[in-house]
Amino acid sequence: MVESLLAILLVTTSAKDSNLVYRWPQNPQIQPRLSRPRPDCASSPAHLDNVWKASTYGETNEQHDGLPHVPLSDPEYEWKQSTSRNDDQGTSSRARSTSTRRSPSTERSATKDEYETLFGYSTSFLANLLCPQRSMCHQRCELLVDDLVFIGHPVCVDTDGEWRFRHEKPKSGARGRETRGSQMGSTETVAEESPDRMSVQDVSSKASWLTTFNLVLVLDPPEPSSSASGSFLKYLDVVYRQIAFALMAVLFQQQVLSNFVEKETLASPKSAQTLDEFASQALKASSIAAALKCLYDAIKSSSMAYITINNIPLELQLPPFLDQLLQSEDDDLIYQPLNEDDATIYKQAWGEDLSEDGWNLPSLDPWKSLLMLDSSMNVRTPYIDHEENSVLLEGLVKFMDIASVTLSLGDMASLLDWDYDTQIIPTVRWLVQHRRAQVVDIVHNGLKTVFTLPPKFSAPLRELAEDFEKDFSEQPVSSLPEILSAISTSSSQNHFFATVVQTKDLLPLYHDVVIWMLKREMLITLHLRVRVVATKELKLRVKHRIEKARAKKHGASRGRSKLFQQVDADSPPAPYVALSPKTAHAYTRRDILAPQEYEQEEDEEDDPGPDDSGWDTADDETRSSMIPDPGRATALQNRWLLAMSDGMDPRIANQFNQIHQYFDGKHTDDEILFKAEISRKQLRQILHHYDEYLQTFLHP
C-alpha cells in the first residue's frame, strides 16, 4: 500500500482559464504533522534544537549574541502546516450548526467553496500552477508546495494550436548537401506521411480550445528530519515512470488522434449540488474519472489497476514493497539485494519491469517453488482474451493446476515437459506480475521444514488471529497465537512437524495452515548451510605427510646427482642424433648447466614449496581455520580436503569431493541437492561421515 498517495488530479488549461476537471478522492485529507515552536535563542544558542546546533557546530557563541529576542508565543515562529481549508470547514460547520434552516443559496455557496478548494488552495490556482508554460511541457514535472509533492508530465498543443506528436529533431552531422529549405521540407513530409498525423488532419480541422493538460499524483512526503526518511527521490522516480508517464502517454496519444481528453473534459458534470453528486455523475459520464478512481483504489490496496482509456485496456500498478524505499536500510531485515555478479542474471529472468526498486523478488531459480495467491483458474480477462493467445492461456491454466509449494519449479518443468527458460520463467513472471502468485522456498511434503517468524507482521496480530479463527474455526488445529508461540519457543533444529503438527493425520490440515501463513508473510524458511573447517589435527597430519614426502624426494635427488657425476666421468658423450627429443633436451641442459646448478633445479621442482608447509598462516599452529571457498581452494587447502577422506568409503569420498565446492555457507541445501543431483538422504550421509570437518547452521 502506497501510504503517501493523497489524490490523483486531472488539470487542464484553455484560452479562457485553468480548471481542475477531475480528482479522486473528492475530499482528500492530509495527515497531521507534528508542530513545534522555535526555541528562545535570546540568551544563548544552547536552547536551539539539535539540527540547528549540528549545522553550526564549531562556531562561537559571540556570533549569536546579537540575535533578537522573539517570544515563543509569536504565531509566526511556529512550524505549522497550512490548515486554512480545515479551519474554513470548521467555521462553516459551526455557523451552520447555529442555524436551524439553510437557504438553497447558502447550500450552493458552501458546495462551491468546498469544490473550488483543495488542500487549502483554490483549484484554479493549483490548475494554473500544475499546467506550466510551453517550455516546461513534454517532460517530467515535480513541484513541492509546503508538505505536498505534485508529480506529473504536462503536455500542450503545438504553436499553431493543433495537437500533434512531437517529431524527433534532425541529427546535426548528416552527410551530403542539404539546404535549410530541404530540411524543413523533409520534416514536414515526415509529419504528413505519418499515419497518426493523417488521422489528426481528418479529425480536427480547426484549433482545439484545450491547450494544456496534466495528470498529477499528489504525495505526502516523509518528514525530512526523520531518521527513516529513506530514498524519497528513488521513490518518486518509480511512481513517475510506472504511473504518471505511462498514463499520460496514452492520454496524449488519444488526444492527438481523436481529441479524447477535450471531449472528456466537456463531459464534466455542470449541475451537481454536492461533491458526492458530482462524483457520481462524473463516474458515469467520463471514463477518465472512472479510471482515476480505479487507479487510486488499486494503488491504495497494492493491487493491479485494470482501466480503459478510449477502449484501450491498461494494466498499471506500483511495486508491492515500494514503501520500503521510505524506510531506513536497517529496517529491511528480510530482503537482501543480490551482488553485482548475479544482477545480470536476475534482470534477465524477471525482466525490466519486475527488476524495479520495490519488488524485492527472490532469484528465479529452479529449486524455488511457487505459492498461488489466487486459486481461481479464471485468466480470461479482456486484457489477454484473444484468439491468438488461446494456446498460451491453456498452458497457463495447466501450469496453475499443478503448481504447489511442495514442488520446485524444476519439478514442475519435468512434469509438464516444459523448457525452463522459455516456458516456465515467462509463466511465473506473468503470474507474479499480476499478483496471482509469488516465488517462495519449497516446503517439505511432510512439513519437515524449519520456520521462523519475521520481525513484524503485515497486520496487527489481533486482526490476523480473527481471520485465522474464521477460516479454521471448524478444523481441529491450534489457534494462531499457539502456533506462533510454538514456533518462536522451539529449538532452531526442530521443524514444523515436530513443533506444531506432531501427528500424521493432521498433515493435510496443517498444509492449509502453512499456506495461509505464507500468503500473509508470517513465516520465514530457514535453510541448512554448510562450511568446511580444517581442524588442527588435520593440519598436523597433512604437514607430517608433506615433510615426509619432501625428505624422501631430497634423498632421491642426492642419489641421482652422484650417479650422473659418475656416468659423465666414465662415459663419452653419445651422439646427439641418437637421442630422443626428451632425452636430448635433458642431456643438453646437463651439458650447459653446472652440476651444482642442475642439482639445485631438480630440488626446486620436487620441493612442494613454502605454501605447502601444512599451515596457511603463522597463527594456525594452535587452532582450526575455515576454508572460505572450497570451490576455489588453494593447493594447500586442496590437500586438507583430500586428507579429510582418509579411511572413508570410496563412494562417500567421491560424493564429498563432488559437492564440497558448495560448502561455502552461501548455498542452501535445496540448491546443493539440485546442482549436485543427489538425494537428501545422500546429503545426510555425507554430513554424518564428515561431521568432524563440517559446520552446519540454519539461515534464511
From (1) over 11 Å from Thr452 (Cα atoms); (2) open to solvent by 70 Å² or more (accessible area, probe 1.4 Å), pick out the condition that doesn't hold for Ala498.
(2)
Top-ranked residue of segment 637-660 - restricted to ones that are assigned to a helix (DSSP H, G or I) and of a type in the set (A, V, I, L, M), ranked as nearest to Ile627 (Cα to Cα)
Leu641
Determine whether segment 271-278 contains at least one residue that is open to solvent by less than 40 Å² (accessible area, probe 1.4 Å), among the aromatic types (Phe, Trp, Tyr), assigned to a helix (DSSP H, G or I) and within 25 Å of Asn27 (Cβ to Cβ).
yes
Could you count how many residues in segment 460-484 are closer than 20 Å to Lys448 by Cβ and of a type in the set (Gly, Ala, Ser)?
1
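Identify, please: which residue in segment 513-531 is in contact (Cβ under 8 Å) with a residue 40 or more places away in the chain and part of a helix (DSSP H, G or I) and is, among those, most open to solvent (accessible area, probe 1.4 Å)? Can you show your working first?
Of the residues in segment 513-531, the ones in contact (Cβ under 8 Å) with a residue 40 or more places away in the chain are 513-516, 518-531.
Narrowing the set further to residues that are part of a helix (DSSP H, G or I) leaves 513-516, 518-519.
Working: Val513: 0, Val514: 3, Ile515: 54, Trp516: 19, Leu518: 14, Lys519: 80 Å².
Checking each candidate, the answer is Lys519.
Within segment 280-324, how many residues are part of a helix (DSSP H, G or I), over 19 Å from Leu5 (Cα atoms), open to solvent by 10 Å² or more (accessible area, probe 1.4 Å) and touching a helix residue (DSSP H, G or I) at 6+ places or on another chain (Cβ under 8 Å)?
Of the residues in segment 280-324, the ones part of a helix (DSSP H, G or I) are 280-285, 287-300, 322-324.
Filter once more, keeping what is over 19 Å from Leu5 (Cα atoms): 280-285, 287.
Now narrow it down to the ones that are open to solvent by 10 Å² or more (accessible area, probe 1.4 Å): 280-281, 283-285, 287.
Still in the list and also touching a helix residue (DSSP H, G or I) at 6+ places or on another chain (Cβ under 8 Å): 283, 287.
Residues that pass the stated criteria total 2.
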From Thr503, Thr489, Thr499, which residue is polar (S, T, N, Q) and closer than 19 Å to Ile442 by Cβ?
Thr499
Just need a number here: residues in segment 472-483 that are surrounded by 13 or more Cβ atoms within 10 Å (Cβ to Cβ) and in a helix (DSSP H, G or I).
4
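Please go through segment 684-699 and pick out each residue that is touching a residue at least 40 places away in the same chain (Cβ under 8 Å), closer than 26 Å to Thr406 by Cα and exposed (fewer than 14 other Cβ atoms within 10 Å of the Cβ). Explain how you work it out, then say what you get.
Going residue by residue through segment 684-699, those that are touching a residue at least 40 places away in the same chain (Cβ under 8 Å) are 687, 689-690, 692-699.
With the extra rule that they be closer than 26 Å to Thr406 by Cα, the set shrinks to 687, 696-699.
Within segment 684-699, Phe697, His699 qualify.
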Restricting to segment 251-270, count the residues that are assigned to a helix (DSSP H, G or I), open to solvent by 30 Å² or more (accessible area, probe 1.4 Å) and closer than 23 Å to Pro28 by Cβ.
0
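Within segment 661-670, can one find any residue that is touching a strand residue (DSSP E or B) at 6+ places or on another chain (Cβ under 9 Å), in a helix (DSSP H, G or I), in contact (Cβ under 8 Å) with a residue 60 or more places away in the chain and farther than 18 Å from Ile627 by Cα?
Looking through segment 661-670, at least one residue is touching a strand residue (DSSP E or B) at 6+ places or on another chain (Cβ under 9 Å), in a helix (DSSP H, G or I), in contact (Cβ under 8 Å) with a residue 60 or more places away in the chain and farther than 18 Å from Ile627 by Cα.
Quick one: in segment 671-683, of everything that is assigned to a helix (DSSP H, G or I) and out of contact with any Ser or Thr (no Cβ under 9 Å at 6 or more places or on another chain), which residue is surrounded by the fewest Cβ atoms within 10 Å (Cβ to Cβ)? Even if it seems obvious, please write down each step before you answer.
The first filter runs over segment 671-683 and keeps only residues assigned to a helix (DSSP H, G or I), leaving 671-676, 680-683.
The next check asks that each one be out of contact with any Ser or Thr (no Cβ under 9 Å at 6 or more places or on another chain); those that pass are 671-672, 675-676, 680-683.
Details: Glu671: 18, Ile672: 22, Lys675: 15, Ala676: 17, Arg680: 14, Lys681: 7, Gln682: 16, Leu683: 18.
Per the stated criteria, the residue is Lys681.
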Let me spell it out: the conditions are (1) outside any helix (DSSP H, G or I); (2) more than 30 Å from Asn638 (Cα to Cα); (3) open to solvent by 30 Å² or more (accessible area, probe 1.4 Å), and Glu463 meets all of them except one. Which number is the exception?
(1)
Residue count, segment 133-155, condition on the phi > 0 side of the Ramachandran plot and either touching a Ser or Thr at 6+ places or on another chain (Cβ under 8 Å) or crowded, with 21+ Cβ neighbours inside 10 Å (or both), comes to 1
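Would you tally the residues in segment 7-19 being aliphatic (A, V, I, L, M) and open to solvent by 10 Å² or more (accessible area, probe 1.4 Å)?
Qualifying residue count for the region: 1.
Taking segment 347-369 as the search range and keeping residues that are of a type in the set (Asp, Glu) and closer than 27 Å to Leu326 by Cα, which one is most open to solvent (accessible area, probe 1.4 Å)?
Here is the first cut: in segment 347-369, the ones of a type in the set (Asp, Glu) are 352-353, 356-357, 365.
Subset that is closer than 27 Å to Leu326 by Cα: 352-353, 356-357.
Working: Glu352: 124, Asp353: 84, Glu356: 32, Asp357: 64 Å².
Filtering segment 347-369 for residues that are of a type in the set (Asp, Glu) and closer than 27 Å to Leu326 by Cα, the one most open to solvent (accessible area, probe 1.4 Å) comes out as Glu352.
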Among the candidates Ala556, Ala551, Ala569, Ala534, single out the residue that is at pLDDT below 95 and either surrounded by 14 or more Cβ atoms within 10 Å (Cβ to Cβ) or closer than 30 Å to Glu466 by Cβ (or both).
Ala534
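The values are calculated or read from the model by the stated rules, or taken from the named source; none is laboratory data. Nothing here was measured: the structure is a model prediction, and the numbers come from that model. Ideal geometry is used to build each Cβ from the backbone, glycine not excepted, and the neighbour counts take in all protein chains shown. Heavy atoms of the whole protein, side chains included, go into the accessibility calculation; ligands, DNA and RNA do not. Shrake-Rupley method; radii C 1.70, N 1.55, O 1.52, S 1.80 Å.
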